[in-house]
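Structure, as structure tokens:
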Amino acid sequence: MAASSVILVLLAVALGSLLLVWWARQRPRARSVCVVVLGDVGRSPRMQYHALSLARRGFDVTLLGYRGSKPHDEVLSSKRIHILHVYEVNRIPVGPRVFQYGVKVVSQAMYLLYTLLLKTPPVDYILLQNPPGLPSIVVCWAVCCFRGSKLVIDWHNYGYTILGLTHGFSHPLVQLAKWYEKLCGRLSDLNLCVTNGMREDLAKNWNIRAVTVYDKPASFFTNTPLDTQHQLFMKLGHTYSPFRASTEPLDPACERSAFTELNPRSRKVTQLDGRPALLVSSTSWTEDEDFSILLKALERFEQWILDGANLPSLVCVITGKGPLKEHYGQIISQMCLKHIQICTPWLEAEDYPLLLGSADLGVCLHKSSSGLDLPMKVVDMFGCCLPVCAVHFQCLHELVKHEVNGMVFMDSEELADQLKVEMLGLDSSTPLHSTLIFISLVSFANGILGGNGKRKLGFWGLTA
């Protein structure tokens, strides 16, 4: 009798599950995609660009991720993109670290499963950013099986290598994460990746076939007009002193920043004589970016100025949020620099491309944890035709070619030498990058622009 009851219950559960699957797959749906970011949507530019490209191709897009930084205005204003925020599960400060991590992963899995099944409509595709892939790969695969959708994984890096920076690559947790990522990564129907090096590694070591989709800058990454630069500098000057004028203008009606001046009668903006050079770097303040390299290079640059070298003063702006920001902030506060000012703002999404388009030189300190991804910040800088100095790592040559479209350095001494070479001959009346040797940025830009002068949509514009 008991056995018969158990069998009946199991049959009822099985039948109910089949009916749910049938119901989920029978619901009408248009061309639709759910873009899943188990992170801050506003700090995931590549996935925002995927969403925009898909929307322009006629897809209805649900962009799912954590609430945090403001996404780009184009994403917010698109009628085809619906942003759905997922609750960010924090690690509970109880018990061993492994236990805390396990509870967090299970909680994330349950909440993501609930959100995808009950708060999002059925879609044709789920496009998932990896990392982080734990637990999102398995959850998204299960939802795809349940609803008859296709799973597409966009490989930005390997999650286990990022975990290895903190715990060491021999740690059992890191090895478990690697096993999970390698096994579950094969569950997808299609894979995208950011470099040819990663594509080859996925095929050779993971038995995963992927298509390389290089990052491209969005249309709003371009040169910033001088009057817009002035407005940006005046706005930032309210909060950050390096953007404020060091001297008052003779005419009280003049509006002056550290770099520009607005004539009240002609309404013409000009660059100040003797203005400082504007150096920009952006970061997520994580272990794969060693900012001591830049700080040591700036100290050497300062010493050259003190020794009488004909070099401009510098304003160094380091944008971004992350776990090591406070650590480096303490180091910066203890530096004694007379000719170099450093500030570490977090910019609004619309102000970041304007700053890049106003700068004289960009510095990238991104060292991939796997050696197989590329820094999107350099792509954005190139979109603004901003000269770039980037630290060397395995796949960097796929983006930056030394003395062709940028400069590559190995350590702080090489970076300091490059800063010195590029800053010599700076004319305060013109942007620095109009006097540098980075002529080949034009050929890079031609690769980004289509024949009609508009930014290409990239992978989705060609194949979706």
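Points to keep in mind about this one:
- Within region 193-219, the set of residues being part of a strand (DSSP E or B) and surrounded by fewer than 20 Cβ atoms within 10 Å (Cβ to Cβ) comprises Val211, Thr212.
- Condition check for Lys204: closer than 27 Å to Ser136 by Cβ, out of contact with any strand residue (DSSP E or B) (no Cβ under 6 Å at 6 or more places or on another chain), charged (D, E, K, R) and not assigned by TED's automatic domain parsing to the domain that holds Cys343: yes
- Val317, sole failed condition from (1) in contact (Cβ under 8 Å) with a residue 60 or more places away in the chain; (2) surrounded by 14 or more Cβ atoms within 10 Å (Cβ to Cβ); (3) part of a loop (DSSP other than H, G, I, E, B); (4) not hydroxyl-bearing (Ser, Thr, Tyr): (3)
- Residues in region 113-123 that are surrounded by 17 or more Cβ atoms within 10 Å (Cβ to Cβ) and out of contact with any Cys (no Cβ under 8 Å at 6 or more places or on another chain): Leu113, Thr115, Pro122.
- One residue stands out in region 142-153 among those that are part of a helix (DSSP H, G or I) and surrounded by fewer than 19 Cβ atoms within 10 Å (Cβ to Cβ): the one that is nearest to the chain's Cα centre (by Cα), namely Ala142.
- The condition (being at pLDDT below 95 and either of a type in the set (Lys, Arg) or assigned to a helix (DSSP H, G or I) (or both)) is satisfied by just one residue among Thr166, Thr228, Thr222: Thr166.
- Subset of region 54-90 [surrounded by fewer than 20 Cβ atoms within 10 Å (Cβ to Cβ) and more than 19 Å from Ala349 (Cα to Cα)]: Arg56, Arg57, Gly58, Asp60, Lys79, Arg80, Tyr87, Glu88, Val89, Asn90
- Unique match (being touching a residue at least 60 places away in the same chain (Cβ under 8 Å), over 20 Å from Leu63 (Cβ atoms) and not assigned by TED's automatic domain parsing to the domain that holds Gly322) among Thr120, Thr195: Thr195
- Lone unmet requirement of (1) in a loop (DSSP other than H, G, I, E, B); (2) within 15 Å of the chain's Cα centre (by Cα) for Phe382: (1)
- Among the residues of region 351-365, those that are in contact with a Phe, Trp or Tyr (Cβ under 8 Å, 6 or more places away or on another chain) and surrounded by fewer than 23 Cβ atoms within 10 Å (Cβ to Cβ) comprise Pro353, Leu365.
Yes/no matrix, rows are residues, columns are (1) at pLDDT below 95; (2) within 29 Å of Ile208 (Cα to Cα); (3) in a helix (DSSP H, G or I):
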residue: Arg91; (1), (2), (3): yes, no, no
residue: Gln100; (1), (2), (3): yes, no, yes
residue: Leu117; (1), (2), (3): yes, yes, yes
residue: Cys140; (1), (2), (3): no, yes, yes
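- Residue list for region 387-414, filter: closer than 22 Å to Ser292 by Cα and more than 23 Å from the chain's Cα centre (by Cα): Asp411, Ser412, Glu413, Glu414
- Of all residues in region 159-192 being small (Gly, Ala, Ser) and surrounded by 15 or more Cβ atoms within 10 Å (Cβ to Cβ), the one that is farthest from Leu396 (Cα to Cα): Ser188
The values are calculated or read from the model by the stated rules, or taken from the named source; none is laboratory data. Note that the coordinates shown come from a computational prediction; the quantities given were computed from them, not determined experimentally. Using ideal geometry, Cβ is built from the backbone for each residue, glycine included, and neighbour counts are taken over all protein chains shown.
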